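Worksheet for the structure shown next.
The values are calculated or read from the model by the stated rules, or taken from the named source; none is laboratory data. As the structure is a prediction and not an experimental result, all values here were calculated from the model. A quick note on method: Cβ atoms are made from the backbone with ideal geometry, for glycine too, and the neighbour counts reach across all protein chains shown. All accessible areas refer to the heavy atoms of the entire protein, side chains included, with ligands and DNA or RNA removed. Shrake-Rupley method; radii C 1.70, N 1.55, O 1.52, S 1.80 Å.
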Amino acid sequence: MPLVSMRQLLDEAARGGYGVGAFNVNNMEQIQAIMEAARETKSPVIVQASRGARSYSQDRFLYHLMLAATELYPEIPTVLHLDHGNSVDTCKSAIAMGFTSVMMDGSLMPDGKTPSTFEYNVSATREVVELAHAKGVTVEGEIGCLGGIEDGHGAGLDGLSHLTDPDQAVEFVKQTGLDALAIAIGTSHGAYKFTKKPTGETLKMGRLIEIHKKLPGTHLVMHGSSSVPKELQDIINQYGGKLKPTWGVPVEEIQLGIKNGVRKINVDTDNRLAITGAIRKVFFEKPEEFDPRSYMKPAREAMKKVVALRMTQFGQAGHISDYSPIPLEEMARRYQGNGNPAAA
Ligand code: 13P
């Protein structure tokens, strides 16, 4: 089947009460790892690419790899999502290339670093909603700012500096008409999120629940949601790496989020750790090897394992064929009709 709408995937997830992992990719092996994990667990898929990934893969390589994924895994509903679009133009170019979902991150200015104003965020996000929905493409927006920097994108703040204000979130959803809302509740991108296991002081699940109560019909998105498992850190360090001790977002907190409106969970770092650990292990144990496949295969397998585990933990496993995908043209028609494609 062709790439599908993220809105429909999230509507179905809301109906079924589960979450869907959104996994970042830059190359073929990562895409293969996700598709294999999805086939094994019978999961719908969100693959996402940041601006950094698009430039690394010269954009079209990535797009054609995704087309290959839809050909080779025709039974899997698969979304191609732009992660952290920094401007209306970036979102436009992603839509033109065939992304079926885009994030307009207007919480930061187009430099991808400076926190913006509410007015700027509304106006940029609304513009993207108008042009994306006309093509049936889904839009994620963000209110509040995450901590950290990822692929050169991020305010570089700690996760608590720009938490989402629940009333502002309500106003933002109303004024933009977006499909999914990313919120800031104390997480950050990258491996160094927390210096110890997070508590209610550092990871504000209470804030998330408050937002969900005010916006029960809005699909919430948790960014910076890698769990940074100690086992993966240990493998890297055992084979010559130098990661400092660190903590991520515990899976049980994500599961609490899923009970409270979280439908999309962004994971990148855990897969990066799994890949790097597997490659380091081969380099350490078999220094005579020089065929890239000797380390890329275990790397792909290590990522597949992490993704399959998250798909099961988030609850998307087994939901591969609960529904027939709605073509984007039909989604566009439904957005035009009443703004709510789920109710059409
Ligand atoms: P992690 O760094 O926690 O994997 O977060 C990824 C992310 O939020 C991508 O937008």
Just one of (1) away from the ligand (no atom under 16 Å from the Cβ); (2) open to solvent by less than 20 Å² (accessible area, probe 1.4 Å) trips up residue 208, so point out which.
(1)
Across region 104-123, what is the total count of residues that are in a helix (DSSP H, G or I) and open to solvent by 40 Å² or more (accessible area, probe 1.4 Å)?
4
Looking at region 58-71, I want the residues that are touching a residue at least 12 places away in the same chain (Cβ under 8 Å) and have a partner that is of a type in the set (S, T, N, Q) and open to solvent by less than 40 Å² (accessible area, probe 1.4 Å) with Cβ atoms under 7 Å, at least 6 apart or on another chain. Which pairs are those?
69/78; 70/78
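Count, please, the residues in region 185-197 that happen to be in a loop (DSSP other than H, G, I, E, B) and free of Cβ contacts under 8 Å to residues at least 60 places away in the same chain.
7
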Which one is nearest to the ligand (Cβ to nearest atom) among residues in region 100-155 that are among the small types (Gly, Ala, Ser) and without any contact (Cβ under 8 Å) to a residue 40 or more places away in the chain?
106
The condition of being within 15 Å of the chain's Cα centre (by Cα) and either open to solvent by 50 Å² or more (accessible area, probe 1.4 Å) or under 22 Å from residue 272 (Cα atoms) (or both) holds, among 186, 190, 159, only for 190
Test: residue in region 227-242 that is within 25 Å of residue 6 (Cβ to Cβ) and open to solvent by less than 10 Å² (accessible area, probe 1.4 Å)
no
Kindly indicate whether residue 178 is aliphatic (A, V, I, L, M), assigned to a loop (DSSP other than H, G, I, E, B), in contact with a Ser or Thr (Cβ under 9 Å, 6 or more places away or on another chain) and closer than 21 Å to residue 213 by Cβ.
yes
Please indicate, with yes or no, whether at least one residue in region 297-316 is within 16 Å of the ligand (Cβ to nearest atom) and not in a helix (DSSP H, G or I).
no
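In this structure, does residue 67 turn out to be over 20 Å from residue 176 (Cα atoms), in a helix (DSSP H, G or I) and open to solvent by 20 Å² or more (accessible area, probe 1.4 Å)?
Numbers: over 20 Å from residue 176 (Cα atoms): yes; in a helix (DSSP H, G or I): yes; open to solvent by 20 Å² or more (accessible area, probe 1.4 Å): yes.
Yes, satisfied.
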Listed by first then second residue, the pairs whose first member lies in region 253-272 and is on the phi < 0 side of the Ramachandran plot, whose partner is away from the ligand (no atom under 14 Å from the Cβ) and aromatic (Phe, Trp, Tyr), with beta carbons under 9 Å and at least 6 positions apart or on separate chains, are 258/18; 263/18
Expected single match for aliphatic (A, V, I, L, M) and within 28 Å of residue 311 (Cα to Cα) among 122, 102, 88, 128 is 102
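Looking only at region 70-97, count how many residues are open to solvent by less than 40 Å² (accessible area, probe 1.4 Å), out of contact with any Gly (no Cβ under 6 Å at 6 or more places or on another chain) and more than 14 Å from residue 25 (Cα to Cα).
11
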Of the residues in region 181-234, how many are out of contact with any strand residue (DSSP E or B) (no Cβ under 7 Å at 6 or more places or on another chain) and either among the small types (Gly, Ala, Ser) or at positive phi (or both)?
6
Residue 337 vs. criteria at pLDDT below 95 and either within 16 Å of the ligand (Cβ to nearest atom) or open to solvent by 50 Å² or more (accessible area, probe 1.4 Å) (or both)
yes
Looking across region 70-94 at residues that are part of a helix (DSSP H, G or I) and within 16 Å of the ligand (Cβ to nearest atom), the single one that is farthest from residue 133 (Cα to Cα) is 90
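Can you spot a residue in region 244-259 that is in a strand (DSSP E or B), modelled with pLDDT of 95 or more and within 16 Å of the chain's Cα centre (by Cα)? Working first, answer last.
Kept after step one, since they are in a strand (DSSP E or B), are these residues of region 244-259: 247.
Still in the list and also modelled with pLDDT of 95 or more: 247.
Still in the running and within 16 Å of the chain's Cα centre (by Cα): none.
Taking every residue of region 244-259 in turn, none turns out to be in a strand (DSSP E or B), modelled with pLDDT of 95 or more and within 16 Å of the chain's Cα centre (by Cα).
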